[in-house]
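Nothing in this text is a laboratory measurement; each read-out follows from the coordinates by a stated rule. None of the values given here were measured: they were computed from a predicted structure. As a convention, Cβ positions derive from the backbone with ideal geometry for all residues, glycine included, and neighbour counts pool all protein chains shown.
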Amino acid sequence: MLKILLISPDKGSLSGLASAWTESGDVDLMWAKSGKMALSIASDTVIDLVVTDEQLGDMTGLEFADKLLAVNPMINCASVNRLPPEAFHEASEGLGLMSQLPVHPGKEHADALLQGLKYIKLLTS
């Protein structure tokens, strides 16, 4: 079972992902309301993927991704962000993000992330 941590002060913004993964049956979902709470969870728990909302209340998703590297650089991460793709690439370069997600990502994004995550796990096992 894959362990995925969703980070958002508003569960509704990532509910499309959560619903799709709950239906898939092979995902253990966890939630954190802030970046600080998520970093604490990531330091104590094996996690396969972290998905951040754009704003986490105490930091941005990109700031979280940067801090996550110091906690565990092997945790895969994706982030909701409104920047155009080229600007996002520039802003997130070096953070090791799997994907940029749109605001309110849905089932198609959940499926793509899960497929990519399974491929990465296959390569590294």
Fill in: Charge sum, other residues only, whose C-beta stays under 14 Å from Leu114's C-beta, Lys/Arg counted +1 and Asp/Glu -1
-2
Worksheet item: Which label belongs to the value computed from this structure, given these candidates for percent of Cα pairs over 18 Å apart: (1) 46; (2) 53; (3) 58?
Response: (1)
Discussion item. Can you compute the label reach from Val46? Point 7 Å from Cα along the Cβ direction, backbone N cut-off under 15 Å, restricted to segment 74-88.
Written reply: 74-76
Response to the item:
For the chain, the dipole about the Cα centre with charges only on Cβ (Lys and Arg +1, Asp and Glu -1), to the nearest 20 debye, works out at 240 debye
Fill in: Whichever lysines have a C-alpha closer than 21 Å to that of Lys33, once near sequence neighbours (fewer than 8 apart) are set aside
Lys3, Lys11, Lys67
Worksheet item: Mean residue ellipticity at 222 nm from the helices of the chain, using -39,500 (n - 2.57) per DSSP H segment of n ≥ 4 over the full residue count, to the nearest 500 deg cm²/dmol?
Response: -14000 deg cm²/dmol
Practice prompt. Enter the Cα centre distance for the pair segment 79-125 and segment 32-72, rounded to the nearest angstrom.
Written response: 15 Å
